[in-house]
1. Considering only segment B:44-70, state which residues are assigned to a loop (DSSP other than H, G, I, E, B), surrounded by fewer than 19 Cβ atoms within 10 Å (Cβ to Cβ) and of a type outside the set (Asp, Glu).
2. For A:GLY39, indicate whether it is out of contact with any helix residue (DSSP H, G or I) (no Cβ under 9 Å at 6 or more places or on another chain) and outside any helix (DSSP H, G or I).
3. Listed residues A:ALA32, A:ALA11, A:ALA55, A:ALA66; which is of a type in the set (A, V, I, L, M), over 20 Å from B:ALA223 (Cα atoms) and within 12 Å of chain B (Cβ to nearest Cβ)?
4. Which residues, counting only those in segment B:1-42, are crowded, with 20+ Cβ neighbours inside 10 Å and assigned to a loop (DSSP other than H, G, I, E, B)?
5. For segment B:2-25, check the following and say yes or no: at least one residue is among the hydroxyl-bearing types (Ser, Thr, Tyr) and either within 14 Å of chain A (Cβ to nearest Cβ) or within 27 Å of B:VAL186 (Cβ to Cβ) (or both).
6. Is it the case that some residue within segment B:227-237 is assigned to a helix (DSSP H, G or I), under 26 Å from A:ILE57 (Cβ atoms) and hydroxyl-bearing (Ser, Thr, Tyr)?
7. Give the residues of segment B:254-291 that are over 20 Å from B:PRO25 (Cβ atoms) and part of a helix (DSSP H, G or I), sorted by residue number.
Amino acid sequence: MTKNPKLIPVAIVLGIVLIVVAIVYFVDSASALPSFFPGHQAGSSHHHTKHGIAALIVGLLCFVFAWFQTGPSRPADA
Amino acid sequence: MHHDPISYVQALILGLVQGVAEPFPISSLGHGVILPRLLGWNIHQNDKFFLTFLVATHLATAIVLFFFFLRDWMRILAGLGRSLRDREIGRNDVDARLGWLLVVGTIPAGLIGVLLEDSLRKLFASAASAAAFLIVNGVLLLLFERWRKRAPRPGDALGDHDRHIAETVSWRQAIGVGAAQAAALVPGISRSGITMGGGLLVGLSNEDAARYGFLLATPIIGAAAVLKLPDLMGSAGNGVRGPALVGALAAGLTTYFAVKFLLKYFETNRLTPFGIYCIAAGTICTLIFAL
């Protein structure tokens, strides 16, 4: 995997944003979600838990990606 | 007189078929939609009780797949842990690389599934559309064999299969094959067919592609079933739990033998017979439904 330290802050910010999105999905019903969120539905009391889990997992993977980027770099394969 | 929404005999038959059709590249969901219609059963894909029943059979399939490859999963999980500790995937760490290939392949399929599953299920709910997509699936299987990156070689069944997979599949290809799995949300299109075909396109042998497909299928089938488990335990599961248990046991049993058979079969054989079966079965069912 190619290492690019410039991507570390991007991955961390994206990870934080996605975890916030996950919390919004867990806490708010479909009607209370911002209209630009997938799953927003006026008048619905349904909680999109699966959307929240998906956002949480991708957010955590952003942190994992950032973690790998901090690792030791090695010479490119011959 | 009280009637269960699914009888024990129906559950047994659906479970046996699900267990075979999930690992075989012939679409378990497609067969689950077509079979009740062919047999004149009052079971439809979007019936709440049927969806709940499917949770149990899919969970059984995922559990059997997991335990079938338990030793591999233990190595893969250890590899993932090692790479996290070292903050890199070691140059020769096959288990770590294979593990992350499975992770990046699972994420796009999971995301697409979460976002599109309900709408696709409603859009393609009929047995007629499942039969039509079964034909499409058959054509795809034949095309995968035609467009495969390399022809089968005599020594394909030998050597370290995980090393072959880890060294052949790139990150982008893993994401592509993983995302393509989402096509299996349409009844008639086979998840294992798509992943095996994707494996052939990127240069794997039939056996390695099948192995990669089974490993890739386990977390996504398991996660989808676990997420819906509350439906089976809640009020939606009333009247279905007994037949669901029978269906799950039947599915688990046939999944085990189907995977065992396929890994042996693909040592020397190809996807072609499954493609022909899907085209023939899809065509016959389409004609029956049209008459």
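The values are calculated or read from the model by the stated rules, or taken from the named source; none is laboratory data. In this text, all values refer to a predicted model and were calculated from it rather than measured experimentally. Quick reminder, even Gly has a Cβ in these numbers, built from the backbone with ideal geometry, and neighbours come from all protein chains shown.
1. B:HIS44, B:ASN46, B:PHE69
2. For A:GLY39, the condition - out of contact with any helix residue (DSSP H, G or I) (no Cβ under 9 Å at 6 or more places or on another chain) and outside any helix (DSSP H, G or I) - is not met.
3. It is A:ALA66.
4. B:ILE6, B:GLU22, B:PRO23, B:PHE24, B:PRO25, B:ILE26, B:SER27
5. Within segment B:2-25 (the criterion being among the hydroxyl-bearing types (Ser, Thr, Tyr) and either within 14 Å of chain A (Cβ to nearest Cβ) or within 27 Å of B:VAL186 (Cβ to Cβ) (or both)), the answer is no, since none of the residues qualifies.
6. The answer is no; no qualifying residue exists.
7. As a first pass, look at segment B:254-291 and keep what is over 20 Å from B:PRO25 (Cβ atoms): B:287-291.
Hits for segment B:254-291 are B:LEU287, B:ILE288, B:PHE289, B:ALA290.
Rundown of residues vs (1) assigned to a helix (DSSP H, G or I); (2) at pLDDT 95 or above; (3) surrounded by fewer than 24 Cβ atoms within 10 Å (Cβ to Cβ); (4) under 13 Å from the mean Cα position of the chain (by Cα), yes/no style:
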| site | (1), (2), (3), (4) |
| --- | --- |
| B:GLY178 | yes, no, no, yes |
| B:ALA183 | yes, no, yes, yes |
| B:PRO187 | no, no, no, yes |
| B:LEU204 | no, no, no, no |
| B:ASP208 | yes, no, no, no |
| B:PRO219 | yes, no, yes, yes |
| B:GLY222 | yes, no, yes, yes |
